[in-house]
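Enquirer: If you scroll down you'll find the structure; I have some questions about it.
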Amino acid sequence: QVQLVESGGGLVQAGGSLRLSCAASGNIVSDNAMGWYRQAPGNQRELVAAITRGGTTNYADSVKGRFTISRDNAKNMVYLQMNNLRPEDTAVYYCAAAQNLVRVTTAPRYWGQGTQVTVSS
């Protein structure tokens with residue numbers, strides 16, 4: 001059974017940093033493109049960042065220059081380093097996986113349960 005488990009969320013002041021982690025079962029990370037999504041109350045879930053098996057990255061315009069996605073295939077982990085956080089970054093953040101970049105940015109096959117990030121002003 002595929003499992004994606006996020007951690008690292010919490011409460012931080014504006015301008016602060018957080019690092020989210022996603023632990024995956026089996027070879028999910030090495031075999032798939034991976035992504036981070038977020039969903040704020042009343043909003044649709046949106047893509048934040050994605051990374052291919054080869055390491056190519058893709059970011060939402062709202063987080064470019066502030067967030068960095070990375071992967072460690074040996075550890076089956078994916079990370080999202082978030083710097084210079086803003087109140088509008090407040091959301092539940094989800095880890096996702098799919099067979100390629102197109103799928104992970106449109107219709108991921110696997111999802112984690114989410115971790116809450118709250119940024120205070």
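Enquirer: Give me the residue from region 4-38 that is in contact (Cβ under 8 Å) with a residue 60 or more places away in the chain and among the polar types (S, T, N, Q) and, out of that set, least open to solvent (accessible area, probe 1.4 Å).
Expert: So, considering only residues that are in contact (Cβ under 8 Å) with a residue 60 or more places away in the chain and among the polar types (S, T, N, Q), the one least open to solvent (accessible area, probe 1.4 Å) is Asn32.
Enquirer: Here is a further query. Among the numbered criteria (1) at pLDDT 95 or above; (2) out of contact with any helix residue (DSSP H, G or I) (no Cβ under 9 Å at 6 or more places or on another chain); (3) open to solvent by 30 Å² or more (accessible area, probe 1.4 Å), which single criterion is violated by Leu47?
Expert: For Leu47, the exception is condition (2).
Enquirer: Any idea how many residues of region 22-81 are part of a loop (DSSP other than H, G, I, E, B), small (Gly, Ala, Ser) and farther than 22 Å from Val119 by Cβ?
Expert: 4
Enquirer: Further question on the same structure: Among the numbered criteria (1) in a loop (DSSP other than H, G, I, E, B); (2) among the β-branched types (Val, Ile, Thr); (3) surrounded by fewer than 17 Cβ atoms within 10 Å (Cβ to Cβ), which one does Val102 miss?
Expert: All conditions pass for Val102, except number (1).
Enquirer: Right, here's the next one. I'd like the residue in region 50-59 that is open to solvent by 20 Å² or more (accessible area, probe 1.4 Å) and either at pLDDT below 95 or under 13 Å from Val102 (Cβ atoms) (or both) and, out of all such residues, is farthest from the chain's Cα centre (by Cα).
Expert: Gly54
Enquirer: Within region 83-99, can you find the residues that are part of a strand (DSSP E or B) and either among the small types (Gly, Ala, Ser) or farther than 13 Å from Gln116 by Cβ (or both)?
Expert: Ala91, Cys95, Ala96, Ala97, Ala98
Enquirer: So Arg71 passes all but one of these: (1) of a type in the set (Lys, Arg); (2) surrounded by 18 or more Cβ atoms within 10 Å (Cβ to Cβ); (3) without any contact (Cβ under 8 Å) to a residue 24 or more places away in the chain. Which condition number does it fail?
Expert: The one condition Arg71 does not meet is (3).
Enquirer: Specify the residue that is nearest to Ala33 (Cα to Cα); the eligible residues are those in region 78-91 that are over 11 Å from the mean Cα position of the chain (by Cα) and open to solvent by 40 Å² or more (accessible area, probe 1.4 Å).
Expert: Only one residue fits best here, namely Asn83.
The values are calculated or read from the model by the stated rules, or taken from the named source; none is laboratory data. The shown structure was predicted, so the numbers you read here are calculated from the model rather than taken from an experiment. Quick reminder, even Gly has a Cβ in these numbers, built from the backbone with ideal geometry, and neighbours come from all protein chains shown. Please note that ligands, DNA and RNA were not included when accessible areas were found on the heavy atoms of the full protein model with its side chains. Shrake-Rupley method; radii C 1.70, N 1.55, O 1.52, S 1.80 Å.
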